[in-house]
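Peer 1: One structure, as structure tokens, below. Some questions next.
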Amino acid sequence: MYDIPEKITSEIRKVIHGKDEVIRMTLCAILAGGHVLLEDIPGVGKTTLAVAFSRALSLSYRRVQFTPDVLPSDLLGFKLYDKASGEFRFQEGSIYTNLFLADEINRTSPKTQSALLEVMEERHATVEGETRELPKPFFVLATQNPFGSSGTQKLPESQLDRFMICLSMGYPAFHDAVSILKGDSSVDLQSVQPVIGAEELIAMQAVVHDLYADDQLFEYVVQLSEQTRVPEFFSLGLSPRGSIALIRMARARAFCCGRNYVLPEDIHDVFYAVAGHRVHLNARMKAEGVTLPDMLWRVLHQVSIPKVGA
């Protein structure tokens, strides 16, 4: 089972060139049962990444291009009157799938974002007082353009907190860009072969959930979280949900490394992806030109690393 992550990663690499870190973090989030936010400019491969994962994991996949006129009913579904039967029948929305790609999520209305928020947190959708469970496994891979782009609005902190990690793909390196130009993405996606199915993924998620972590590591995560809440440096710190995401991602990272136990290095490796979209610097730090990655680096070096071994 511990060799499966590498097999999945190898399949994704067929169509995503030079972004091993993004692939690895996305896979960790999936194994940890979380949602992923990709913040980047258009055209760098975010949709290709989602489709590739759906193929490698044998998951159903749907994509919605978010615009201001997308309604909650487009996601959750609605009841439609059937003249033949004389009854109302339910027309399901696009959210009823395993992997849901919410493209440019920060272009839609707050009402539609709130509808997606419930689905992400509860794993079910409520339509006209009736609750419907979503397929298992279920996770959201959302993309957003950098705030300030035309037609965008900032996501509220409550919704950002629902995403386990936030990543940025960025532009490809020179040699990777040449490889992309030589290839045909429409053909390449067909080359991504299924590695596991939905049931196997659920079983792997269960293993990750129960992966051993020493009590000192739980204390370590809390200490790191508390350091991000010091008002002298931060205006918003890591929430309890963020702390949970940190230990879950660390477990997934340990699993991907072929271990059945968590080490402090697993927490370090995923810390920026988990905390970067949840933690905000205060005005003084920003005025002094201090960046968030710098402050998160300081946090990691201010807390004593527990001596935990195999």
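What follows draws every value from the coordinates through simple rules; no lab data is involved. Note that the coordinates shown come from a computational prediction; the quantities given were computed from them, not determined experimentally. Please note: Cβ atoms are built from the backbone with ideal geometry, for glycine as well, and neighbour counts cover all protein chains shown.
Peer 1: Per the helix-only calculation at 222 nm, which mean residue ellipticity applies to the chain, given -39500 (n - 2.57) for every DSSP H run of n ≥ 4 and division by its residues, nearest 500 deg cm²/dmol?
Peer 2: -13000 deg cm²/dmol
Peer 1: Sticking with this one: For Leu281, enumerate residues with amide H under 5 Å from its amide H, sequence gap 5+ or separate chain, H modeled in the peptide plane.
Peer 2: Ser235
Peer 1: I've got another one for you. Tell me which lysines have Cα within less than 16 Å of Lys154's Cα, excluding those fewer than 8 residues away on the same chain?
Peer 2: Counting by Cα, and skipping residues close in sequence, Lys154 has these lysines nearby: Lys111.
Peer 1: Spelling out what I want: for every residue of segment 121-133, take phi, set θ = phi - 60°, compute 6.51 cos²θ - 1.76 cosθ + 1.60 (Karplus), and round to whole Hz; glycine and proline get x.
Peer 2: 7, 9, 6, 8, 10, 10, 10, 6, x, 10, 9, 10, 6
Peer 1: Report relative contact order for segment 4-199 in percent, whole number only (criteria: Cα-Cα under 8 Å, sequence separation at least 6).
Peer 2: Relative contact order of segment 4-199: 35 percent.
Peer 1: Related question: Cut-off under 20 Å on the C-alpha distance; same-chain residues fewer than 8 positions from Lys19 excluded. Which lysines are left, in chain and number order?
Peer 2: Hits, sequence-local ones excluded: Lys7, Lys46, Lys182.
Peer 1: Here's something else I'd like to know. Net charge near Glu219, counting Lys/Arg +1 and Asp/Glu -1 over other residues with Cβ under 14 Å of its Cβ?
Peer 2: Values: positive: Lys307; negative: Asp214, Asp215, Glu226.
Every neighbour counted, the sum reads -2.
Peer 1: About the Cα centre of the chain, how large is the charge dipole given +1 on each Lys and Arg Cβ and -1 on each Asp and Glu Cβ? Please answer in debye to the nearest 20.
Peer 2: Values: 31 positive and 38 negative charges, 66 e Å.
Charge dipole of the chain: 320 debye, to the nearest 20.
Peer 1: May I ask for the percentage of alpha-carbon pairs in the chain that lie more than 31 Å from each other?
Peer 2: Details: 16181 of 47895 pairs.
Tail of the P(r) past 31 Å holds 34 percent of the pairs.
Peer 1: State, in angstrom, two size descriptors of segment 242-310 derived from its alpha carbons: Rg to one decimal place and Dmax to the nearest whole number.
Peer 2: 13.9, 44
Peer 1: Now a separate question. In whole Hz and in residue order, list the ³J(HN,Hα) couplings for segment 273-283 that follow from phi through the Karplus curve 6.51 cos²θ - 1.76 cosθ + 1.60, θ = phi - 60°; x for Gly and Pro.
Peer 2: 5, 7, 8, x, 9, 9, 9, 10, 6, 7, 4
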